[in-house]
Every structure is written in C-alpha cells, then in structure tokens.
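Trainee: Take this structure first; my questions come after.
The numbers here are math on the coordinates, done by the rules we state, and not lab data. Everything numeric in this text was worked out from a predicted model, so none of it was measured. Virtual Cβ from ideal backbone geometry, glycine too; neighbours counted across all protein chains shown.
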Amino acid sequence: KTGKQRNRQESFNRLSYLCNTILGLEQNVSMVASQILQKLMDSGASKGGRGFVVLEVVAAYTAARISNQSVKLENVIDSHRGWTTAEGEYRAIKSVSPKAVRRLIVEQQRQGTIPTIRPMALDLIRNNRWCLENLSDEVISTAQELTKGVSGSPDSIAAAAIVMACGNSRVIAPGNIYFKDTTTGRENDGQRMTLAVAAQLFSGTSARTIRKRMKEIRENQGISVLSNPVEDSRKQVIKGRLKEVVSELGGELDPDKPPFGITRKDVEVLERIKNR
C-alpha cells in the first residue's frame with residue numbers, strides 16, 4: 001500500500017473505533033459514517049490543512065443524527081482523542097478545533113455532500129435503545145404525544161417528554177447502568193426517572209434545558225403543577241416542642257428558617273440532654 005492508502009485506511013479504523021467503542025453506536029450507524037467519510041474524502045474536504053481527523057468527527061456526528069441518535073457535537077470532538085489499533089496499541093489523536101468542524105459541516109451541507117439533518121423529538125425517542133428496552137409501549141407512546149407542539153431542540157423535548165411520561169413509575173430497575181447502588185429499602189424495586197438520567201439518555205441536551213422544556217410542555221398540554229401538601233399538624237407539634245427545648249437550653253430558632261428533617265426522636269434526644 002502507498003502512504004496515501006495507509007492513511008485512508010487508518011482514518012476508517014479511527015472512525016470505527018469512535019463510533020463503536022467510544023460513542024456506542026449501532027453497527028449500521030458506523031457503516032453510514034464510513035460512507036460519509038468516503039464521500040468527504042472524495043470531495044477533497046481534507047485539503048487546506050484540515051486532515052482526516054476533522055472529517056472523522058463530521059462523519060460520526062452526521063451519521064448519528066441521520067440515524068436519529070441524540071449526540072452533542074462537542075462531545076464527539078472531545079471523545080475523539082485516541083484509539084486502539086487491531087494490535088492493541090493505543091495511539092493519541094491530535095485535537096481538532098470545534099470551529100473548524102462546524103465550518104466544514106456548513107460547507108459540505110451547502111455543497112450537498114452531507115445532508116442537513118434536524119431529527120424530530122419523537123424519532124429520537126423511537127430510536128433510543130435504552131427507552132425501547134426498559135420502558136413500556138404506553139410510556140413511549142405518551143412521551144411521543146407530549147412532544148407535539150413544543151419548540152426547542154429535539155433532544156431536550158424528547159428528554160423532557162420521557163421524564164414526564166415516566167412520572168412516578170420506577171422504571172430504572174436494580175442492576176441497570178443508571179441505578180444507584182446507594183439506595184436501599186423500598187427503592188430496591190426500582191428508581192424513578194430523573195433529569196440527570198434523561199440528560200444521559202439524550203446527551204444532546206442538559207438537565208437545565210430539560211427542566212425548561214418540561215415547563216413548556218405543561219403549558220402546552222394545560223397540565224397544572226401539583227401544589228405542596230398541606231402542612232401536617234404533627235410537624236407543627238414537633239416544631240413547637242423543639243422550640244421549647246431549644247429555648248430552655250438557652251438557644252433560639254430562626255422563624256424564617258424552619259428546621260428541615262427534624263423528627264420526634266430528635267426532639268426526644270434534645271429533651272434528654274436538657275434534663276441531665
């Protein structure tokens with residue numbers, strides 16, 4: 001093989017490692033990425049000092065979006081920093097500029113080498129492997145309905161819809177990659193969907209943006225936010241006893257900052273201390 005052929009083959013190997021090992025994409029998505037990389041090479045997109053690494057990032061990102069996968073361009077760029085050869089040797093990859101990647105994407109979209117892709121939120125949900133394997137058809141169907149008529153990035157809309165569709169259901173089973181081992185007792189039968197987990201399922205967004213989309217979905221669907229429960233009379237009794245004990249011990253409670261998490265047992269411990 002000539003040097004040019006070896007460089008091209010190495011580029012395809014790096015792309016395969018990025019798609020399959022780093023990003024965890026399906027094999028068919030990796031094949032689409034290889035086809036896009038070949039088109040970019042044939043169009044001469046690597047000229048001007050760009051090199052093949054920029055083309056690999058563009059190919060992986062474009063293939064993922066074509067296949068309705070939630071990925072963030074910045075994450076793809078940051079992830080493409082090294083690869084392992086077939087012989088097991090690790091090799092570092094020179095970092096690329098996000099600006100250079102975006103410029104190439106715009107340039108190649110204008111030329112028609114790669115398509116302009118903006119997947120719909122319901123398609124992202126329909127193609128999310130974890131959701132398909134762990135959520136019921138009813139939850140997925142409800143989430144898809146919630147995505148209608150909402151503006152914003154499709155990733156944030158999809159994530160917000162999943163969180164709301166799951167509700168209080170314990171959809172994250174023990175042993176799942178998103179299950180937290182620190183939980184005990186009644187939560188051993190599973191955990192609820194959280195913003196943090198949704199942001200991992202749809203990596204093209206963040207927990208903060210998901211919260212904003214949830215608010216918009218509620219307004220769009222006419223869903224009212226549940227109000228806080230009425231203050232329990234027993235808590236008032238505990239607070240009253242606590243105030244008395246603290247006062248007798250020479251202290252004072254700030255009325256604007258009520259104690260949270262104080263139980264009857266905590267008050268009894270303070271009373272025993274006072275009576276010593």
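Trainee: Evaluate the relative contact order of segment 1-118 (contact order divided by residue number), counting alpha-carbon pairs under 8 angstrom at least 6 apart; express in whole percent.
Mentor: Answer for segment 1-118 is 25 percent.
Trainee: Name the residue from ALA173, GLY112, GLN144 whose Cα lies farthest towards the positive end of the charge dipole of the chain, charges +1 on Cβ of Lys and Arg and -1 on Cβ of Asp and Glu.
Mentor: GLY112
Trainee: Before anything else, pin down the relative contact order of the chain: Cα pairs under 8 Å, at least 6 apart, normalised by residue count, whole percent.
Mentor: 12
Trainee: Angle, helix 3-17 long axis vs. longest principal axis of the chain, Cα atoms, 0 to 90°, nearest 10?
Mentor: The two axes meet at around 20 degrees.
Trainee: Using alpha carbons only, how many degrees (0 to 90, rounded to 10) separate the axis of helix 207-221 from the longest principal axis of the chain?
Mentor: Computed tilt is about 80 degrees.
Trainee: Among HIS80, GLN27, ILE162, flag the residue with its Cα farthest along the positive direction of the charge dipole of the chain, charges on Cβ as +1 for Lys/Arg and -1 for Asp/Glu.
Mentor: Of the candidates, HIS80 comes out farthest on the positive side.
Trainee: Compute the angle between helix 233-248 and the longest alpha-carbon principal axis of the chain, please, reported from 0 to 90 degrees and rounded to the nearest 10.
Mentor: It is inclined by approximately 70 degrees.
Trainee: Counting Lys +1, Arg +1, Asp -1, Glu -1, what net charge surrounds ALA64 among other residues with beta carbon under 14 Å of its beta carbon?
Mentor: Charge balance in the 14 Å sphere: -1.
Trainee: Near ARG91, within a Cβ-to-Cβ distance under 10 Å, what is the net charge of the other residues, with Lys and Arg +1 and Asp and Glu -1?
Mentor: Neighbour charge sum, excluding ARG91 itself: -1.
Trainee: Could I ask something else about it? Calculated from DSSP H runs of 4 or more alone, at -39500 (n - 2.57) each and per residue, what is the 222 nm mean residue ellipticity of the chain, nearest 500?
Mentor: So the calculated ellipticity at 222 nm is -17000 deg cm²/dmol.
Trainee: Just want to confirm a number: the relative contact order over segment 62-180, from Cα pairs under 8 angstrom separated by 6+ residues, in percent.
Mentor: 21
Trainee: At THR85 and ASN20, where each label point lies 7 Å from the Cα along Cα→Cβ, what is the point-to-point distance in nanometres?
Mentor: 1.8
Trainee: Here are some pairs, LYS39/LYS148; LYS180/LYS243; LYS4/LYS99; LYS180/LYS274; which of them have Cα atoms lying more than 32 Å apart in this structure?
Mentor: LYS39/LYS148; LYS180/LYS243; LYS180/LYS274
Trainee: If you build a Gaussian network model of the chain, linking Cα atoms that sit under 10 Å apart, which residue out of LYS212, LYS39, LYS180 swings the most?
Mentor: So, out of LYS212, LYS39, LYS180, the one fluctuating most is LYS180.
Trainee: Are there any GluC sites (Glu not before Pro) in segment 81-164 that are in a DSSP loop and have at most 10 other Cβ atoms within 10 Å? List them by number.
Mentor: GLU87, GLU89
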